[in-house]
Structures are given as structure tokens and as C-alpha cells.
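Peer 1: This structure is in C-alpha cells; I'll ask about it shortly.
Laboratory data are not the source of any read-out in this text; all were calculated from the coordinates shown. None of these values were measured; they are calculated from a predicted model. Cβ coordinates were reconstructed from backbone atoms using ideal geometry, including for glycine residues, and neighbour counts include every protein chain displayed.
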């Protein structure tokens, strides 16, 4: 996976949290760029990024480095979803049109809308994307250079996206070991809404129910290992997930409604003691989940 | 954790799946009994139990060994919840009243009812319990002698339970490294209903929704690691969970209704874009979940 030569000149990562910091550190360690630069808001994060080898340079404003950038460079936007618009405006105002711009936001429809709002069109230089990797950890200290190894990255290029920009974004992700696929924005937001955003909503709601709606202070004390795994995602960053729920509202609500209807049917079966329904549903779900795990393993070994 | 001497004479485990097989293998490896015997229904499971060191002896009928048992012995019932009544009848008909009897079923209220139905009273020899350990794996080959190390076992002895029987059950569990606590049946079934049975119902229902209610054959293809953990418990044994949902119906429905009401409120907040509600709920849930993990770690290190 290690590339012999840099795949780009300068890598500029805006936001040095888990997602951005991991890309900067990963590309830097693999010598995939000549210089890895992070743009952050606070001096202490800038200092920490340099101390921990996340970047070669850390600045507090994109404007400081924008004049240096050219067609061999790439900007990766890795800020919370609802902060993307402001960053796009800064890029439009300060960065040359040949610089490639991509992002890592979990929802693509609202970012694509923001691009059109800011630029008045979908410019050739912008190629939106989403790495399907993460962790309940966050912040610059969570940066992991191997986070993207064997993980998928979904790119959702517009019809207007330039081929060399798409290729450059691909090359950077492949440099850190990711597998790049392309998808429409509509499909991306539906699939992620159902398999990622919905489970987060459920996990947060379940933990909240147990902690606050059930009147038993010992409720967590005897919870088993299954509970720990099941609720891991409820330890995720609340602000990030607030943004995602708002940004992907339509798709989240659609899958949430299907889930609540399914759960309501299951509830009915538990209440009426409908063994056939319970066994059928549990068996069908186990089969689907086992098949999914099997396909993941095959994919990893391929 | 290894005991220098046997804590009991004969350990009889009825049902050599994950839960029963792990206790038999664990006690046997730690020399906690003079002989570990499993009672199973199929010859191939009996053969497999002997081949894999789960037991010293494997028989197909409790009646074959019942005459050998005395007050130094312990029977552990580890069959699916709804099959417990039949096993209890067999025990009552064939086993002496001084033999200690315990079980590992996930729901205690219905087993306690079955005991009274079978014996006409709660006999001194019966001490019900539930090891809070498990895995999505099942069957004799899943038996793990260290499954119970550092895990809690909840005992729910009746007022009529004999002290020496309670002590013997405790000693056997401590022999395999478990921490024994006592609790009322009502509290056990509420706590487990909320922290274990409810999450299983949700996980099965979510996977079923994704696999069958959402019209996208690629839905699982791009699911992230969070999804794998979140749905792990949906790979659990359907028959076992069918039994549990039926056996703990009242408590499961109670926590399920609280969860659905909480999720309905969250749905409203997503729809109306109520940032305050979303942030508050996610933060509160994250705090509760982080606190739970912290207490688990402390407990493990204690």
C-alpha cells in the first residue's frame, strides 16, 4: 500500500479531528505528499498536530497558505457537516480554481447543495466524498494513520467534476489503503441514513431511555457485553451527530419510520405470543446479518 | 482463581451448549469437581463434548445417572428457557431432594413459576441463577472454559432456598472466576429486560428492516464498523431469543414502550430541526454510556 512517490504536492486538511487528522497523518507517513498542512481554529490543536506527527505545518487560517496552492494540491474539508458552507466560502474566495477540493462529511446531499449555493454551480474542482471509517473517539489525539486501511471511501462526483480532480482524490485515498467506489448522492444518503445514521439515533435513544426513563439506578450495573457493543456508537460526538441528523433529515426519517413500523409489528408479536412471527423475524435477521459479516470477511481476504 | 480442591463431587450439566458447556469445561479444567457429566439429547453432541474436553462423561438421559447423585452434587440446567419445565419434572421424578439444582436461564420469573408448578412449592434444593455472559455463538463447540471469568452471576434464591445449596451454587460459580450477586426476581427481570432483551429485539428488528423493508439490495454493502458492532447481537440464536421474549414478555414490553416513546420524541426533534433537543439527548446519552464504561473498567481493575 505504501506509494514510492508522492501522489500530490501539498495536502491541506481543514479540521484536524479523527477524520482529517487520520488522513493527514496517513498520507504523511506514507510519503504520499510533499507537505501535509492542517488548518485548525485553536493554537493548542495546531501545536498538538505538530507534536503528534499529524502534519508538517499547522496554520490557523486558510488565507495564510491559500496563495501557495496550485493544480498539484488537494484540500480535504474535515469539519462538522453544518460548518462546511463557511469553509467552502473561504475556499472560493482565496483558493485557485485548479486546486482539487474534497470532503469527508457523512451526508452528501446538503454539502452538494452548499457547493452550488456558494459557487453558483458545481465546479470542476470539487469532488465530494465520504470515508466509511470512524470511531467513537474524536479530536486530534484520535488521529490514526491506518484508520482507512481496507475501508471503503464513497465518492459522489457531480457531472461537472473534472476527471483529473476525481483521479487525484482517488489516488490520495488509495495511498492510505482505502478502496474507492463511486455512487450517486441520493443512493449514498439513503444507504448511510439506514446503516449508520439510523443506528446512531437508536443507540442514543436506547441509552437515554435506560438512563432516564426507567426508574432504576442500578440499570447499567448488570448490563452484559452485548450491551457494551450495542451502545458503543452512543459514545460518539453529540455535535457531529446533531449535524448529521439535521443534514440527512429526509433519509433518516424515512428509514426511522420503516424501523418503527417493523418494531411495532414485533411488539405486537411479543404481546400476543406469536411464536411464528418471532422465530421468522429473528431467523431472517440472523441470516441477513450473518450473510453481511460473511461478505465483509470475503471482501477483506480478497 | 484455580481452587486447590474440588468444591463439589459431581457436576451434572443438562444441555451442553455455550452456557452449559462452558461451565462444565471451566469447572473440569479447574478441578472444581470430581466428575463433570453432561446430559444431552443427541449422541453426536455427547461424542463432541467428550472429544473437546467439555465433560468426563456424557449421557443421553438424566435417569441414567440420577441414582448416583447425592448432597455433594450439583445439577445445572442449561437448556432453552421454555424447555426448563420438562427438565424440572424429570429432576423431581428421579433426583434426591438433597441434590442442589440451579439454572442459567436469562429470565427468572417464569422459571420460578415453573418450579412451583412442578414441585407445588419452592424447594430448598433449588437456587435459580443467571450468568451475565454469553456470545452470539452457540453449540457445544462454542464452550469456553474462561467464559465466566470476571463476569457477574446473579442468583435469585427464594425465601425457602437452603443455605448450603446457595453456598454450593456460589462456590461453583466462583470456581470459574465469576462474581456472584443476589437480587430479587422482579429486579432481575426488569434490569435484564431493559439492558439485554430489549437491545436484542431492537437489533433483530433493525436488521430485518434494512434487509427487507428498505428497497435497496446494496444496503449492507457500505455499512461501516459501527453497524457491525451494533448488530452483533442480531446473530444470536433465534430460538433462544424467541423463548426469552415470551418468558419475559411483561418487562420487555414495558421497556420497549418507554424506548418507543423516547424514539418518537427524537423523531419529532429531527423532523422539526430541534437542535436543542437533539444535542441535549445525545449529550445525556453519551455521558451515561461513558459513565457505564468507566464503571465497568474500574470494576475489572478492582
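Peer 1: Can you tell which of A:209, A:52, A:81 shows the greatest fluctuation in a Gaussian network model of chain A with Cα springs below 10 Å?
Peer 2: Evaluated over chain A, the most mobile residue of the options is A:209.
Peer 1: Work out the mean other chain Cβ neighbour count within 10 Å for the residues of B:75-82 and drop it here as an integer.
Peer 2: Averaged over the peptide's residues, the number is 0.
Peer 1: Oh, and also: Calculate how steeply helix B:109-119 sits against the longest principal axis of the alpha-carbon atoms of chain B, using the helix alpha-carbon long axis, and give the answer as 0 to 90 degrees to the nearest 10.
Peer 2: Here the helix axis deviates by roughly 30 degrees.
Peer 1: Going by average Cβ density within 10 Å per residue, which order do the peptides B:89-100, B:163-174 take, highest to lowest?
Peer 2: The peptides rank, most packed first, as B:163-174, B:89-100.
Peer 1: Helix A:163-175 versus the longest principal axis of chain A: what angle, 0 to 90°, nearest 10, using Cα atoms?
Peer 2: The helix A:163-175 is inclined about 70 degrees to chain A.
Peer 1: Considering the zone a paramagnetic label at residue A:275 would reach in this model (a point 7 Å from Cα along the Cα-to-Cβ line), which residues of the stretch B:231-245 have amide N under 11 Å from it?
Peer 2: B:243
Peer 1: When chain A is modelled as a GNM with alpha-carbon springs shorter than 10 Å, which of A:88, A:258, A:62 fluctuates the most?
Peer 2: Comparing A:88, A:258, A:62 in a Gaussian network model of chain A, the most mobile one is A:258.
Peer 1: Right, something else. Within 10 Å of each Cβ in A:243-253, how many Cβ atoms from other chains are there, averaged over the peptide?
Peer 2: 3
Peer 1: Quick check: the angle from helix A:18-29's long axis to the longest principal axis of chain A, C-alpha only, nearest 10 degrees?
Peer 2: Rounded to the nearest ten degrees, it is 50.
Peer 1: Just check the stretch A:8-183 against the gyration tensor rule for me: Cα atoms, a ≥ b ≥ c as the square roots of the eigenvalues, rounded for a/c under 1.5, and otherwise prolate or oblate depending on whether a/b exceeds b/c.
Peer 2: Rounded, because the longest to shortest axis ratio a/c is under 1.5.
Peer 1: Same structure again: Of the beta bridges DSSP finds with both residues in the protein assembly as shown, what % are antiparallel, to the nearest 5?
Peer 2: Antiparallel bridges: around 10 percent, rounded to the nearest 5.
Peer 1: As an exercise, use a Förster radius of 56 Å and the Cβ-Cβ distance of residue B:61 and residue A:218 to find the FRET efficiency, rounded to the nearest 0.05.
Peer 2: My answer for the efficiency is 0.85.
Peer 1: Taking a label point 7 Å from Cα toward Cβ, how far is residue A:293 from its twins in the other copies, in nm, shortest first?
Peer 2: 2.1
Peer 1: For chain A, modelled as a Gaussian network with Cα springs under 10 Å, which listed residue fluctuates most, A:149, A:276, A:68?
Peer 2: A:276
Peer 1: What does DSSP give for the stretch B:8-183 in terms of the percent of beta bridges that are antiparallel, rounded to the nearest 5?
Peer 2: 10 percent
Peer 1: Taking every residue in A:129-139, how many Cβ atoms of other protein chains lie within 10 Å of its Cβ, on average?
Peer 2: Taking the mean over all residues of the peptide, I get 2.
Peer 1: If you take the square roots of the eigenvalues of the alpha-carbon gyration tensor of the stretch B:231-302 and sort them as a ≥ b ≥ c, do you get rounded (a/c under 1.5), prolate (a/b over b/c) or oblate?
Peer 2: oblate
Peer 1: Another question about this same structure. Just to be sure I understand: chains A and B are related by a rotation, so which residue of A has its Cβ closest to that axis, and how close in Å?
Peer 2: A:229, 2
Peer 1: Right, next: For an R0 of 25 angstrom, estimate the FRET efficiency from the Cβ-Cβ distance between residue B:47 and residue B:86 and round to the nearest 0.05.
Peer 2: Result of the calculation: an efficiency of 0.60.
Peer 1: So the label point sits 7 Å from Cα along the Cα-to-Cβ vector; using that for residue A:274, what distances do you get to the other copies, in nanometres, sorted shortest first?
Peer 2: 3.1
Peer 1: Run through the other copies and list how far each one's label point is from that of residue A:94, in nm with one decimal, shortest first; the point sits 7 Å from Cα along Cα-Cβ.
Peer 2: Ordered by increasing distance: 8.1 nm.
Peer 1: Now a separate question. Viscosity 0.692 mPa s, temperature 37 °C: Stokes-Einstein D of chain A from its Kirkwood Cα radius, in µm² per second?
Peer 2: 157 µm²/s
Peer 1: Now a separate question. For residue A:121 and residue A:182, what is the calculated FRET efficiency with R₀ set at 22 Å and r taken between the beta-carbons, to the nearest 0.05?
Peer 2: So the FRET efficiency works out to roughly 0.60.
Peer 1: Compute the convex hull volume of the Cα atoms of the stretch A:92-240, divide it by the residue count, and report the result per residue in Å³ as a whole number.
Peer 2: 147 Å³
Peer 1: For every helix of n ≥ 4 consecutive DSSP H residues, a contribution of -39,500 (n - 2.57) applies; sum these over chain A, divide by its total residues, and give [θ] at 222 nm rounded to the nearest 500 deg cm²/dmol.
Peer 2: Value at 222 nm, helices only: -15000 deg cm²/dmol.
Peer 1: Sorted by packing (mean other beta-carbon atoms within 10 Å per residue), highest first, where do B:260-269, A:185-194 land?
Peer 2: A:185-194, B:260-269
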